[in-house]
């Protein structure tokens, strides 16, 4: 039987905000602040993951121009259709962010339940030869690039660990790294070490940084990405195939 006049079926809701159809920039900021706190506290996600989710949700609302209470599966389907030509990993990360926002945070699981993660084909990794690595290293122009490369190569740190590394977590004399993070749900982070060459590269880089505090980050995500993506393309994309 249809609901009587003046009555609507009850639906579990998340935060009771933004019930109007239009979404102002101020509304978005407040909502995303709550969403980020939810991801950090409830879901125990890493800082970079939380930041990425928030960016994706902000772009979604900027595109659809509707408040969360008015979003339907059709809105999400139309939005995802614009990513058909993107890489599988890009589309998967977007769907994961939408799930965490609508299903977990807003408790509107019905609007995202039909969307499946794309199949990611297995790709064999290309292992560079010793000559490739030497060629890559000699192509690095700045002390920052050399420090990033050698810290990666000798410490075993993962990307998010390297870019979150602060000066206070480095002991140059003992060539030791004591990162503050405890890893992820499946991995744990302990003390690690770097070699003498990395120590000299790091000292050279830090001497050119100017005034630093103990909380200063050693490297930015942009710098790390530029070092490897930019140099890789310059040195190897034009290399003749054997």
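Can you sort 136, 83, 61 so the residue with the fewest Cβ neighbours within 10 Å comes first?
Fewest-to-most ranking of 136, 83, 61: 83, 136, 61.
Would region 25-111 count as rounded, prolate or oblate if I go by the C-alpha gyration tensor, calling it rounded below 1.5 in a/c and otherwise prolate when a/b exceeds b/c, oblate otherwise?
Oblate is the answer for region 25-111, as a/c is 1.5 or above yet b/c matches or exceeds a/b.
Which of the peptides 117-126, 100-109 is most tightly packed, and how do the rest follow, judged by the mean count of other Cβ atoms within 10 Å per residue?
For the peptides 117-126, 100-109, the packing ranking is 100-109, 117-126.
Sort 171, 75 so the one with the fewest other Cβ atoms within 10 Å of its own Cβ comes first.
In increasing order of surrounding Cβ atoms, one gets 171, 75.
Each reported figure results from applying straightforward, stated rules to the coordinates on display, with no laboratory input. Nothing here was measured: the structure is a model prediction, and the numbers come from that model. A quick note on method: Cβ atoms are made from the backbone with ideal geometry, for glycine too, and the neighbour counts reach across all protein chains shown.
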